[in-house]
Amino acid sequence: MASISEVGHAKNVANFEDLISFCIGYGVTYNPILNAIKVANMNTLKSNASNSLTAAITAHTAFKNSTNSRELAFEPVKKLITKVMAALKASGANDLTISDALTINHKIQGKRGKLTKADAGKKCEQNCSARPTC
C-alpha cells in the first residue's frame with residue numbers, strides 16, 4: 001500500500017503549533033537560553049506563519065479563479081480554430097500556409113511541437129522533470 005503523508009505549508013504550521021504545545025507542556029522546566037526558541041517568540045512566529053498561510057491561500061484562490069475564467073473565455077476558440085483549419089484546407093491553400101496555420105493552431109490550443117532529430121540529442125538546461133520532452 002502506498003504511503004499517504006500530508007505535506008505542505010498548512011501541515012508545517014500545524015506541526016509548529018504541536019511543537020509549541022509540547023514546549024508549553026513542560027511548564028517552567030522549558031527555559032531555553034536562545035530567545036528564538038522561547039515560547040513567546042515561537043507564538044509570534046506561529047502567528048506570522050498563520051497570517052502568511054492565509055495570504056498565500058487567498059492569493060492562490062484569486063490566481064485559480066482568474067485562470068479558470070480565462071480558460072472558460074478561450075474554450076470556444078478551440079472549436080472555432082478547428083473549423084477555420086478545415087475551411088483553410090478545403091479552400092485549396094498551399095501546404096506552407098496550412099503548416100503555418102497549424103503551428104498557430106497548436107499555440108492557441110496549447111499543444112507542444114514534436115522534437116526533431118536534431119533536438120533529440122540535446123540536453124535540457126532547465127528542470128527536465130517538469131518537461132519530459134527535453
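The values are calculated or read from the model by the stated rules, or taken from the named source; none is laboratory data. All values reported here derive from a predicted model rather than from experimental measurement. Positions of Cβ are generated from backbone atoms using ideal geometry, with glycine treated the same way; all protein chains shown enter the neighbour counts.
Below is a table of values for the structure above.
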read-out	value
Pair list, Cβ < 6 Å and 6+ apart or interchain, from the stretch 70-86 residues that are closer than 12 Å to residue 98 by Cα to residues that are part of a helix (DSSP H, G or I)	85/105
Selection count where residues are of a type in the set (A, V, I, L, M, F, W, C), surrounded by 12 or more Cβ atoms within 10 Å (Cβ to Cβ) and under 20 Å from residue 114 (Cβ atoms), scope the stretch 79-100	3
Residue list for the stretch 5-19, filter: under 21 Å from residue 57 (Cβ atoms), among the hydrophobic types (A, V, I, L, M, F, W, C) and touching a residue at least 12 places away in the same chain (Cβ under 8 Å)	10, 13, 16
Where residue 22 falls short, out of the listed (1) within 30 Å of residue 101 (Cβ to Cβ); (2) modelled with pLDDT of 95 or more	(1)
Cross-chain or 6+ apart pairs with Cβ under 7 Å, the stretch 101-129 first and exposed (fewer than 12 other Cβ atoms within 10 Å of the Cβ), then at pLDDT below 80 and not in a helix (DSSP H, G or I)	112/133; 128/134
Total residues in the stretch 22-50, condition of a type in the set (S, T, N, Q) and either under 21 Å from residue 7 (Cβ atoms) or in contact with a Gly (Cβ under 9 Å, 6 or more places away or on another chain) (or both)	2
Test: residue in the stretch 111-126 that is within 30 Å of residue 11 (Cα to Cα), at pLDDT below 90 and not hydroxyl-bearing (Ser, Thr, Tyr)	yes
Condition broken by residue 56, with the remaining ones in (1) more than 22 Å from the chain's Cα centre (by Cα); (2) small (Gly, Ala, Ser); (3) closer than 30 Å to residue 11 by Cβ satisfied	(1)
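Let's see how each residue does on (1) among the aliphatic types (A, V, I, L, M); (2) on the phi > 0 side of the Ramachandran plot; (3) exposed (fewer than 11 other Cβ atoms within 10 Å of the Cβ); (4) modelled with pLDDT of 95 or more:
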| position | (1), (2), (3), (4) |
| --- | --- |
| 3 | no, no, yes, no |
| 6 | no, no, yes, no |
| 17 | no, no, no, yes |
| 31 | no, no, yes, no |
| 44 | no, no, no, yes |
| 58 | no, no, yes, yes |
| 63 | no, no, yes, yes |
| 72 | yes, no, yes, no |
| 77 | yes, no, no, no |
